[in-house]
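Engineer: Next up is a structure, given as structure tokens.
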């Protein structure tokens, strides 16, 4: 039976916790399944749809469709209280599968109505509640299971069962019926006084989480905790992982804090996820503390860090350009005899290169096979880049040809790196030949490839070839990113053709076609320092909804901040917040700095508190910036109270905090207070200080 032929839906008017309404219909009405219930509707309350009743509520009317007279699905009669053992559930399910409306389903189930009539204590239900829950769990279609639940509650008079509701709710969630699932959970409580249990909430939250509906899942988590139902590690870990994948680090950290506040011990997966989250959020000290916590916990119940724990923290250090800390951690891994994997080797080859230690990178690469780890294309590409940056051109060419002789995989990154190596060694023709070589091997050049080639030709004085290639790319419809445009602009400016560079920028700004996205043009103009042109295009694009990447907002804030246009920084920040984007710690720091430059200290503090309440995780620099702004406002009582607040935060570097606080007092010519802070003495009451005649 095709799903679209079934007409079992209920109508679901939405109620909290979500606010988008779902259309309603009369209580007794029927609507087609495809039209009545949006799949992606938000969760909410539900009005139970009913089959049409006569004036006297009795058995269903005549059958419709292709379902015949009521059939009994008995195996044999028995003397048990219920007919469970004499009813073939498989046959009953097969009969239910033929139904397409609620009336048909009620007709199939009519032989199993209350045989004594009425609903008093003398009634006898032919099928037990346990049998009916089993029948619900085996019914694959959410619409039939919902109609069957209605039959149980309204026609057959079964008592409301949390087990039956949980099964139907699970079926609705599997079909993506979010609104209906939320309505069922609310109906349990509001209509039948059944308190949703851990299974109800876990099913809802896990399904929403797996579907990427993080805010909906967190809303139900809050309700679960409010109702006193305790979640488990799997539930919290699911939400942490979802928030991590969505890049919502603040929410991941919030869920992890709630997990720990309930006394739930994280497992290895949760620890590794949170090390990654803290690293992505730039909270490296917190990430390192988690690793230390794993290492120093009670051995009897400890969760010991594995190679993933260490490599995740290594990656965080590298992404935040903390190469010395990465090297220190790697040395610690060697001392602890942690077995090294491919990811760790690749990270450390990069770290050695960034620290200007190409020989150590070389030694690390060639020791991989001795330790039982085979290098992959990333290993080769990283070492090629290290050789190129160290101007070890001979070693780079040797390794590149060795890859080809051994049949090692080569990709577009490999060729881009080697093209750059030939460009640095002034072998321009060989660089161009590599483009042809990679095309013959079926490796397609990308925008980075062409950017490197154009830059090489520009530096070699072959402007005409660079311009021809760029024009060919524009007319061929190839994808041109902002890096490629900026490379061509730099080539023009290096050759003294400033007018050509301005014309290219003007063409981009005034282009009405969609060959280059407006976000790309804004980024190009901003990186070129064209403040007015970037600002005008940004405002036009924002008004028509073409600015959808938070990186564009950040780019414009940085542009205005560099050019001391602090009002414009605030303008962009407010537009971003109004569009529903959540800023990171760096963007908040830029906004706080703008408020400080404008002497709007109260607005700065209001923003700081607002973002703190919304769960934003600040870096130490943002906290210190807020402290400096309070000092600039010369509100030293607030400075002292804020110092106490920061001092009680275990995640803040106390030594740096004292240095920043001392600087605040030094700038206010309060040298005694600066000395007190440095020597960590008790604070003074600044109201008393004022009465003693000290000038602020």
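The values are calculated or read from the model by the stated rules, or taken from the named source; none is laboratory data. These numbers were taken from a predicted model, which means no experiment stands behind them. Note that each Cβ is placed from the backbone with ideal geometry, even for glycine, and that neighbours are counted across all protein chains shown.
Engineer: For residues that are at pLDDT 85 or above and assigned to a helix (DSSP H, G or I), scanning just segment 440-449, find the one that is farthest from residue 390 (Cα to Cα).
Structural biologist: Per the criteria, the residue is 440.
Engineer: Also, I was wondering about something else. Suppose the filter is touching a helix residue (DSSP H, G or I) at 6+ places or on another chain (Cβ under 8 Å), more than 23 Å from residue 294 (Cβ to Cβ) and exposed (fewer than 14 other Cβ atoms within 10 Å of the Cβ); does residue 230 pass it?
Structural biologist: For residue 230, the condition - touching a helix residue (DSSP H, G or I) at 6+ places or on another chain (Cβ under 8 Å), more than 23 Å from residue 294 (Cβ to Cβ) and exposed (fewer than 14 other Cβ atoms within 10 Å of the Cβ) - is met.
Engineer: Which of the residues belonging to segment 359-388 are surrounded by fewer than 18 Cβ atoms within 10 Å (Cβ to Cβ) and over 34 Å from the mean Cα position of the chain (by Cα)?
Structural biologist: Selection gives 359, 360, 363, 366, 367, 369, 370, 371, 372.
Engineer: Now for a separate question. If we keep just the residues of segment 242-252 that are assigned to a helix (DSSP H, G or I) and more than 13 Å from residue 218 (Cα to Cα), which is farthest from the chain's Cα centre (by Cα)?
Structural biologist: Step one: list which residues in segment 242-252 are assigned to a helix (DSSP H, G or I), which gives 242-245, 249-252.
Still in the running and more than 13 Å from residue 218 (Cα to Cα): 244-245, 249.
On the way: 244: 5, 245: 4, 249: 7 Å.
Checked segment 242-252; the qualifying residue farthest from the chain's Cα centre (by Cα) is 249.
Engineer: For segment 309-324, give me the residue count where each residue is touching a residue at least 40 places away in the same chain (Cβ under 8 Å) and surrounded by fewer than 18 Cβ atoms within 10 Å (Cβ to Cβ).
Structural biologist: Residues meeting the conditions: 2.
Engineer: Would you mind finding the one in 110, 193 that is at pLDDT below 90 and surrounded by fewer than 16 Cβ atoms within 10 Å (Cβ to Cβ)?
Structural biologist: 193
Engineer: Considering each of 407, 388, 394 in turn, give the residue that is modelled with pLDDT of 90 or more, out of contact with any helix residue (DSSP H, G or I) (no Cβ under 8 Å at 6 or more places or on another chain) and farther than 25 Å from residue 468 by Cβ.
Structural biologist: Details: 407 fails: modelled with pLDDT of 90 or more; 388 fails: out of contact with any helix residue (DSSP H, G or I) (no Cβ under 8 Å at 6 or more places or on another chain).
Being modelled with pLDDT of 90 or more, out of contact with any helix residue (DSSP H, G or I) (no Cβ under 8 Å at 6 or more places or on another chain) and farther than 25 Å from residue 468 by Cβ holds for just one of 407, 388, 394, which is 394.
Engineer: Go through segment 462-556 and tell me which helices (runs of 4 or more DSSP H), entirely inside it, have 2 or more residues that are farther than 19 Å from residue 577 by Cα, in contact with a helix residue (DSSP H, G or I) (Cβ under 6 Å, 6 or more places away or on another chain) and at pLDDT 75 or above.
Structural biologist: 463-476, 482-494, 518-527, 531-543
Engineer: Another question, then. Can you spot a residue in segment 118-139 that is closer than 20 Å to residue 159 by Cβ, exposed (fewer than 15 other Cβ atoms within 10 Å of the Cβ) and at pLDDT 85 or above?
Structural biologist: Yes, segment 118-139 contains a residue that is closer than 20 Å to residue 159 by Cβ, exposed (fewer than 15 other Cβ atoms within 10 Å of the Cβ) and at pLDDT 85 or above.
Engineer: Report, by residue number, each residue of segment 567-614 that is surrounded by fewer than 16 Cβ atoms within 10 Å (Cβ to Cβ) and not in a helix (DSSP H, G or I).
Structural biologist: Residues satisfying the conditions are 579, 580, 598, 599, 614.
Engineer: Which numbered condition trips up residue 268, out of (1) under 17 Å from the mean Cα position of the chain (by Cα); (2) surrounded by fewer than 22 Cβ atoms within 10 Å (Cβ to Cβ); (3) at pLDDT 90 or above?
Structural biologist: For residue 268, the failing item is (1).
Engineer: Only one of 183, 209 is under 22 Å from residue 245 (Cα atoms) and either in a helix (DSSP H, G or I) or under 28 Å from the mean Cα position of the chain (by Cα) (or both); which?
Structural biologist: 209 is the lone residue from the list that is under 22 Å from residue 245 (Cα atoms) and either in a helix (DSSP H, G or I) or under 28 Å from the mean Cα position of the chain (by Cα) (or both).
Engineer: Please verify whether segment 412-423 includes one or more residues that are out of contact with any helix residue (DSSP H, G or I) (no Cβ under 6 Å at 6 or more places or on another chain), at pLDDT 90 or above and closer than 23 Å to residue 376 by Cβ.
Structural biologist: Start the filter on segment 412-423 by keeping residues that are out of contact with any helix residue (DSSP H, G or I) (no Cβ under 6 Å at 6 or more places or on another chain), which leaves 412.
Subset that is at pLDDT 90 or above: 412.
Remaining after also requiring closer than 23 Å to residue 376 by Cβ: 412.
Yes, that holds for at least one residue.
Engineer: What about residue 412, is it under 36 Å from the mean Cα position of the chain (by Cα) and either surrounded by fewer than 18 Cβ atoms within 10 Å (Cβ to Cβ) or touching a residue at least 60 places away in the same chain (Cβ under 8 Å) (or both)? Working first, answer last.
Structural biologist: Details: under 36 Å from the mean Cα position of the chain (by Cα): yes; either surrounded by fewer than 18 Cβ atoms within 10 Å (Cβ to Cβ) or touching a residue at least 60 places away in the same chain (Cβ under 8 Å) (or both): yes.
Yes: the conditions hold for residue 412.
Engineer: Which pairs have Cβ atoms under 6 Å, sit 6 or more apart or on different chains, and link a residue in segment 360-371 that is farther than 16 Å from residue 343 by Cβ to one that is part of a helix (DSSP H, G or I)?
Structural biologist: Pairs that qualify, where the first residue is farther than 16 Å from residue 343 by Cβ and the partner is part of a helix (DSSP H, G or I), are 360/352.
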